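See below for the structure under consideration.
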Amino acid sequence: MDLNMMNCELLATCSALGYLEGDTYHKEPDCLESVKDLIRYLRHEDETRDARQQLGAAQILQSDLLPILTQHRQDKPLFDAVIRLMVNLTQPALLCFGSVPKEPSVRHHFLQVLGYLQAYKEAFASEKAFGVLSETLYELLQLGWEERQEEDNILIERILLLVRNILHVPADLEQEKRIDDDASVHDQLLWAIHLSGLDDLLLFLASSSAEQQWSLHVLEIVSLMFRDQNPEQLAGVGQGRLAQERNMDVTELEVLRQREMAEKKTRAFQRGNRHSRFGGSYIVQGLKSIGERDLIFHKGLHNLRNYSSDLGKQPRRLPKRRQAAKELSIQRRSALNVRLFLRDFCSEFLENCYNRLMGAVKDHLLREKAQQHDETYYMWALAFFMAFNRAASFRPGLVSETLSVRAFHFIEQNLTNYYEMMLTDRKEAASWARRMHLALKAYQELLATVNEMDMSPDETVRESSRIIKNNIFYVMEYRELFLTLFRKFDERCQPRSFLRDLVETTHLFLKMLERFCRSRGNLVVQNKRKKKKKKKKFLDQASGNVSHSPEELEAMWPALAEQLQCCAQDSEFNVESPVPFDAASEVPVEEQRAEAMVRIQDCLLAGQAPQALALLRSAREVWPEGDVFGSPDISPEEEVQLLKQILSAPLPRQQGPAEGIAEEEEEEEEEAEEELQVVQVSEKEFNFLDYLKRYASSTIVRAYVLLLRSYQQNSAHTNHCIVKMLHRLAYDLKMEALLFQLSIFCLFNRLLNDPAAGAYKELVTFAKYILGKFFALAAINQKAFVELLFWKNTAVVREMTEGYGSLDSGSSGRRAPVWSPEEEAQLQELYLAHKDMEGQDVVEIILAHLRSTPRTRKQVIHHLVRLGLADSVKDFQRKGSQIVLWTEDQELELQRLFEEFRDSDDVLGYIMKNITAKRSRARIVDKLLALGLVTKRQELYKKRRKKLAPSSLPNGEQSVKDFWQEDLEEEEEENLPEEENEEDGEKEEGLEAEYAQGSLFLSTENLGQGLNEEGFSAPLLWLQNCLLRAADDREEDGCSQAIPLVPLTEENEEAMENEQFQQLLRKLKIRPPTSGQETFWRIPAKLSPTQLRRMAASLSQSTEAEEKLPSELEPRVPGEQGPREEHQAETSSTLSLAYKNRAGLVSSDEEETADDKEQGKVAPKKRQLLDSDEEDEGSSKKPKLGSPVIYRKKRFQIEDEDEDE
């Protein structure tokens, strides 16, 4: 940003600060006010951070603020204001913008601010600035707590925040271009901190118990100081090169030398390129070209090895959302003097500050006194300083604060939380993955420290290690942690370094667990199992497991009826029956009521008629509402009939425990049920091989192979961890086939052809072992080559090695047995014999008659679909029972709906539309009567609206349709049956549909008359034509689809926008356009041709009524009609007769009369209109008197007449 473009007020404010003359800064009299004005400008900057960018471009901090800070320290108000301004100017760009912007324009401003911050960091890399800060901080810390004011504490915090902000600025690697052992800007900053003595003040703040309020600030500054450092390398500074480091360097040089020798050897065998055009052409047998012929290679043979079909093709661009996550943390080796200073700082920090500071920070975190995500600094410090302690001189006492089971639990809890948030918060998944990586590093260092304690010569230390391991290995969450992280590894948001640390941590954990198991002999661990406690499952079946047919029940009923009549008429009848209701039970009241109904049916099926009658009477006393078990004044005959209904009703039953567990597991996916998971904690003896089998998964193997692809960049320890895990799976578990995958074999091929393969002896040996096992298997199983294309699970591995079909004959009980031809024939016979039986469950009947291997309901249904006997599994969904029980919530809802719609025209109709649990009309009427909301059924009849007075109709007669409509409604409502099942409800809905179809004529006729009065007769005729044309098309084609109504004239467009016309369209069931997707109204595909013709007929009747009423009520002299009105009336009558003829609604006499009229009138009128259309151009300028002006309307009518002819 150019300084000339700077805001005038901001420029004037900066000029009033002062000026620099040589090394001396002269401040202006208004310097303090100018600094406050700059703070005010920063407070009110916009979202682009314009004020911050302008100040950065003007270099105010370098040229004015730093000189004021170093030379005018005695002016305390000015010094405090400058510190405050510098804290605001140097705050991280992420805090300014919230996150890294994705929009290019905002991202540009973000990068500008970041560039200015990097310039500030370079300007602060001087001893003077940090010297002033350290002196001021030292003087403030010298004050006791009783002498220190609130302003002093604020200044201490601002100084610490300023140091934090400067250290937080990331390095610009492209601009610095520093190599290892060279001093970068960050190193210069650290050296300035060391020279100023600020590091000693930080150690004092970390170790002092009186300054615990600054513990999080100190920990954050320390973490930023060691941001680019490696703790193992830092611990070995000044001790000379270790033998391990020298061996690693020698190995790297040997690998480079072998690759260089291989390249030289390859170049030596290459032919010269002098005559490349005449190098010859070769046919590569077995490799097809684009056609069916073999590939022709036009280059030298030495280039054949590098041939690929992808040569010359443009590489496929990988979307950003699928690209692998980038590495953000970069480790480098600082200058030697800086590393020595940092090593001494770490040693002093561990000896004097670590345990006290980490305890205070942990207390802040647990008491929620810290800010969000401050626990990441705690986990970084734990991992870094414990690794430094382990590499320098291992002393467990220095890190005892974080070396406990509580520390393991804290890290595991945060790691699991980050893992869950990464899966749920997809937008910030990368940030959660970085936090998860920090937690994983801390967990890895805890395990490494405990492992180091095992090798300590001190018996007390080894005993402490054994206690910690015993607690860790006992708890199941610690063992399942790595399995979970592997299964949910996502390279799009988790970098390769996370996978490397996860592999190394898993290797260490398995090694420690295996060693611990060997030393203990037997290990007892905790086992948690989630038991799925389901709500009671109801199945449509009769008593027990036996399904009774209606014929059997009818044969059983006479004997029961005789006993029931004797018991019902006996006044001294008294049988002790169990109480149907248990107030102390946890079962809801509604379920107990349903169970009472089932118990009554069980008594009847068992032939215990007296007990059934006694239980019915007891249940009636407990649940008198709704008359579910009969009304209180029920007669004995009605009781017998009610028991007969209960006997024949397919009531829902709870599944017995004798049903197989396998059926319960297989029906979990079929039925959507609410599950309550109860965790059962138990103990079991731990088996290491059984635990290792959990890692035999294709998902985990893929993660290991992904890291193995970069074996050249991996360290020797990382490659060893990968090979060790794969060796455990292949050799210890005998699952070599788990690695028989083409991508793994391609990787082995690249490894074996690597010139430096000698440096990877362990990898080469393992690759040869796997390849040998594969070719040995391929000699027996020729399908092994096809299996290379797929990742495999343990079941497929077993089938590959032991033979296909071995699982079917094995002990696996969860796989369904195979259907034999005889069983399929019996299944088909039973299904065809019982599929048309009404009121019975076909699947239950088949299960009752199958005499072969026991089958579950799901197995039978799926095999019926597989055989083609049924279209879908949904065809076998169970239906509800005939006796429907009302719950208390449903009764309250019914009362609320009745109160809401009691003043409407159709109370019952509105209730049926809005009620949640859909029931038939008779059920709702009975319930309203039982609740006392209405006293008579007539109160629920649909109220009549006022119709036209008889005097307004011809001869004072009322429409026949009105009488038919009223009779139909009254007959339907007065003859409501007492008991209806769901099939009766469906019939009732069909009856209502017919009634609605009949009432369509009346409502459409009224709307059509109103539209005719408003001048919409032509759009109505157009609508009739569209309906009839759609009916004809659907009869001819035999298929139907939604047809749009496209208005081609202005008059039709106006009609389609008219509210009354749209109301007419809705009455005709024409679908309005979907918002945002459609433009035109559409004739639905579900309307049949008959329905469409009825709709067109109703429109024609409205047109006839409109023409008939004016002619009778207001007679006119024929000569008074204008030419346009006469033409419109003739055309309307002609078209209406034509439409009625097509719809089959015109008698032969009317048709003959219409034909006679048409012969005399239609043809001349048609010629006259055609002549007028031809004269449009000439007569448009001078219209004749009395001639029609709207010619478009005439042309539209002519086209319609042509189509009808």
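Yes/no per residue for (1) touching a strand residue (DSSP E or B) at 6+ places or on another chain (Cβ under 6 Å); (2) of a type in the set (A, V, I, L, M); (3) part of a loop (DSSP other than H, G, I, E, B); (4) modelled with pLDDT of 85 or more:
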| site | (1), (2), (3), (4) |
| --- | --- |
| THR801 | no, no, no, yes |
| ASP808 | no, no, no, no |
| SER812 | no, no, yes, no |
| GLN828 | no, no, no, yes |
| ILE845 | no, yes, no, no |
*Having 1 or more residues that are in contact with a His (Cβ under 7 Å, 6 or more places away or on another chain) is the bar; report the helices (runs of 4 or more DSSP H) wholly within segment 155-256 that clear it.*
215-225
_Between LEU195, LEU219, LEU253, LEU202, which is within 27 Å of SER134 (Cα to Cα), open to solvent by 80 Å² or more (accessible area, probe 1.4 Å) and out of contact with any Lys or Arg (no Cβ under 8 Å at 6 or more places or on another chain)?_
LEU195
*Is at least one residue of segment 402-410 in contact (Cβ under 8 Å) with a residue 24 or more places away in the chain, closer than 25 Å to MET476 by Cβ and not in a helix (DSSP H, G or I)?*
yes
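Yes or no, residue by residue, for (1) open to solvent by 20 Å² or more (accessible area, probe 1.4 Å); (2) farther than 23 Å from LEU256 by Cα; (3) part of a helix (DSSP H, G or I):
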| site | (1), (2), (3) |
| --- | --- |
| HIS720 | yes, no, yes |
| ALA730 | no, yes, yes |
| ASP754 | no, no, no |
| THR765 | yes, no, yes |
*Are there any pairs with C-beta distances below 8 angstrom linking a residue in segment 766-779 that is at negative phi to a residue that is of a type in the set (Val, Ile, Thr) and crowded, with 16+ Cβ neighbours inside 10 Å, with the two at least 6 apart or on different chains, and if so which?*
PHE766/VAL723; ILE770/ILE744; LEU777/THR801
*Can you pull out the residues in segment 229-240 that are at pLDDT 85 or above and either surrounded by fewer than 19 Cβ atoms within 10 Å (Cβ to Cβ) or over 16 Å from ALA442 (Cβ atoms) (or both)?*
GLN229, ASN230, GLU232, GLN233, LEU234, ALA235
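Does at least one position in segment 1059-1066 carry a residue that is surrounded by fewer than 17 Cβ atoms within 10 Å (Cβ to Cβ), assigned to a loop (DSSP other than H, G, I, E, B) and charged (D, E, K, R)?
Scanning segment 1059-1066 turns up no residue that is surrounded by fewer than 17 Cβ atoms within 10 Å (Cβ to Cβ), assigned to a loop (DSSP other than H, G, I, E, B) and charged (D, E, K, R).
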_Top-ranked residue in segment 907-954 [being closer than 18 Å to TRP886 by Cα and surrounded by fewer than 13 Cβ atoms within 10 Å (Cβ to Cβ); ranked as modelled with the highest pLDDT]_ = ASN914
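If I filter segment 455-464 for residues that are surrounded by 19 or more Cβ atoms within 10 Å (Cβ to Cβ), touching a residue at least 60 places away in the same chain (Cβ under 8 Å) and of a type in the set (A, V, I, L, M), do I get at least one hit?
No, segment 455-464 has no match at all.
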_Among the residues in segment 301-321, are any modelled with pLDDT of 85 or more, open to solvent by less than 50 Å² (accessible area, probe 1.4 Å) and either over 23 Å from TYR443 (Cβ atoms) or among the hydroxyl-bearing types (Ser, Thr, Tyr) (or both)?_
no
*asked:* Looking for something at pLDDT 90 or above, in a helix (DSSP H, G or I), among the aromatic types (Phe, Trp, Tyr) and over 20 Å from LEU189 (Cα atoms) - is there at least one such residue anywhere in segment 72-94?
replied: yes
*Yes/no for GLU621 being more than 47 Å from the chain's Cα centre (by Cα), assigned to a loop (DSSP other than H, G, I, E, B) and either modelled with pLDDT under 80 or under 20 Å from LEU651 (Cβ atoms) (or both)*: no
*Does LEU651 satisfy the condition of being modelled with pLDDT of 80 or more and either open to solvent by less than 50 Å² (accessible area, probe 1.4 Å) or over 30 Å from LYS858 (Cα atoms) (or both)?*
no
*Scan segment 135-148 residue by residue and report those that are within 26 Å of VAL338 (Cβ to Cβ), over 53 Å from the mean Cα position of the chain (by Cα) and open to solvent by less than 60 Å² (accessible area, probe 1.4 Å).*
THR136, LEU141
*Yes or no: GLU445 of a type in the set (Asp, Glu) and more than 25 Å from HIS720 (Cβ to Cβ)?*
no
*Determine, yes or no, whether LEU553 is hydrophobic (A, V, I, L, M, F, W, C), assigned to a helix (DSSP H, G or I) and at pLDDT 80 or above.*
no
_Close pairs (6 angstrom Cβ cut-off, 6 or more residues apart or separate chains): under 18 Å from ARG426 (Cβ atoms) in segment 483-495, open to solvent by 10 Å² or more (accessible area, probe 1.4 Å) and of a type in the set (S, T, N, Q) anywhere_ = ARG487/THR699
*asked:* Condition first: open to solvent by 20 Å² or more (accessible area, probe 1.4 Å), of a type outside the set (Val, Ile, Thr) and either in contact (Cβ under 8 Å) with a residue 24 or more places away in the chain or within 13 Å of ILE166 (Cα to Cα) (or both). Now tell me which residues in segment 76-96 satisfy that.
replied: PRO77, ASP80, ARG84, ASN88, GLN91
*Residue selected from segment 482-526 under the condition closer than 17 Å to GLU685 by Cα and either among the basic types (Lys, Arg) or exposed (fewer than 14 other Cβ atoms within 10 Å of the Cβ) (or both), by the criterion modelled with the lowest pLDDT*: GLY521
*Return the residue satisfying two criteria in turn: it lies in segment 689-711 and is assigned to a loop (DSSP other than H, G, I, E, B) and in contact (Cβ under 8 Å) with a residue 40 or more places away in the chain, and of such residues it is nearest to ALA759 (Cα to Cα).*
TYR711
*All but one of (1) in contact (Cβ under 8 Å) with a residue 24 or more places away in the chain; (2) of a type in the set (A, V, I, L, M, F, W, C); (3) within 23 Å of LEU234 (Cα to Cα); (4) surrounded by fewer than 16 Cβ atoms within 10 Å (Cβ to Cβ) hold for VAL185, so report the exception by its number.*
(4)
*Among the numbered criteria (1) over 30 Å from SER710 (Cβ atoms); (2) free of Cβ contacts under 8 Å to residues at least 12 places away in the same chain; (3) touching an Asp or Glu at 6+ places or on another chain (Cβ under 9 Å), which single criterion is violated by GLU292?*
(3)
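The values are calculated or read from the model by the stated rules, or taken from the named source; none is laboratory data. Everything numeric here is computed off the predicted structure, so don't read it as measured data. As a convention, Cβ positions derive from the backbone with ideal geometry for all residues, glycine included, and neighbour counts pool all protein chains shown. Ligands, DNA and RNA are excluded from the accessible area calculation, which covers all protein heavy atoms including side chains. Shrake-Rupley method; radii C 1.70, N 1.55, O 1.52, S 1.80 Å.
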